[in-house]
1. Pick from 40, 126, 106 the residue whose mean-square fluctuation is largest in a GNM of the chain, springs joining Cα atoms under 10 Å.
2. On average, how much area does the Cα convex hull of the stretch 31-95 cover when viewed from any direction, in nm²?
3. Before I look further, what does the chain give for accessible area per residue, probe 1.4 Å, in whole square angstrom?
4. How about residue 215: which aspartates and glutamates have a C-alpha closer than 15 Å to its C-alpha, ignoring those fewer than 8 places off in the same chain?
5. Too long at a 28 Å Cα-Cα cut-off: which of 172/226; 100/172; 56/141?
6. For residue 100 and residue 217, FRET efficiency with R0 = 22 Å and r from the beta-carbon atoms, rounded to 0.05?
7. Is the chain best put as rounded, prolate or oblate by its Cα gyration tensor, with a ≥ b ≥ c the root eigenvalues, rounded for a/c under 1.5, and otherwise prolate when a/b is larger than b/c, oblate when not?
8. Can you give the relative contact order of the stretch 16-232 as a percent, counting alpha carbon pairs under 8 Å and 6+ residues apart?
Amino acid sequence: MATPHNEANLGDIAKTVLLPGDPLRAKYIAEHFLENPTCFNTVRNMFGYTGTYKGKKVSVMGTGMGCPSIGIYTYELIHNYQVENLIRIGSCGAACTDLKLSELVFAMGACTDSNYAHQYELPGTFSATASYELLHEAVHKAEELSVNYHVGNVLTSDIFYTETPEWKSWAKMGVLAIEMETYALYCNASRAGVRALGIFSVSDSMVTGEALPAKARQESFTDMMKVALETAISF
Ligand code: HPA
């Protein structure tokens, strides 16, 4: 059934969906990594495609930036389209020196400065965590593909252009990297009892100020895609 943001019919979307922030990236992935992709959504240009990878049905859809946007799209994927495995693929900024540009980060947990979880009226602070099954499989695939990776906590921040360098306080708590969507994704998945994982490639470093040039960005993106797709078809 169509939603205000997604015109797909039930059955158009695979039970496993890869989720880049950028809808044009979803289009690129569908056209370069999937076999026989068909577009299921163009509402607000938030493109979504379903195809196959190594013969297994997989979908890919943009989420937009930030918790409110990924919150909407993933809520609908879960509740209106029966999606069971949600794998965010994105970029992140390194908050510690251990992370080198291009390396992968698997978000075992996500901290946040967002109030996304206030809706659940919990009597405390919710720790948003990845699906252990997806995380375990992604680590296994990264090992098989000899791709460098880190597993740990990320910060899902509401604010890209901050007045104060808040990442420094989070880094003291062992947070590896900063991005803007995973906390909401993990909340939606946890609340519904489905699986979610955030996979990132390090595009820039808060610590050193370096940023990946376009070509290297594309290469690390390909590694991330391979790990994500191999993980996706295991479920
Ligand atoms: N901040 C937030 N999100 C990001 C960053 C960043 O520095 N880099 C890539 N995604």
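The values are calculated or read from the model by the stated rules, or taken from the named source; none is laboratory data. From a predicted model like this one, the values you see are computed outputs, not experimental measurements. Because the Cβ atoms are built from the backbone with ideal geometry, glycine has one as well, and the counts that use them run over all protein chains shown. Heavy atoms of the whole protein, side chains included, go into the accessibility calculation; ligands, DNA and RNA do not. Shrake-Rupley method; radii C 1.70, N 1.55, O 1.52, S 1.80 Å.
1. Looking only at 40, 126, 106, the largest GNM fluctuation is found for 126.
2. Reported value for the Cα convex hull: 5.6 nm².
3. Per-residue value: 47 Å².
4. Of all the aspartates and glutamates, those that pass the test against residue 215 - Cα under 15 Å, at least 8 places apart if same chain - are 103, 204, 223.
5. With Cα atoms farther than 28 Å apart: 172/226.
6. 0.95
7. It comes out oblate by the Cα gyration axes.
8. On the way: 452 pairs, mean separation 59.6, N = 217.
For the stretch 16-232, the relative contact order is 27 percent.
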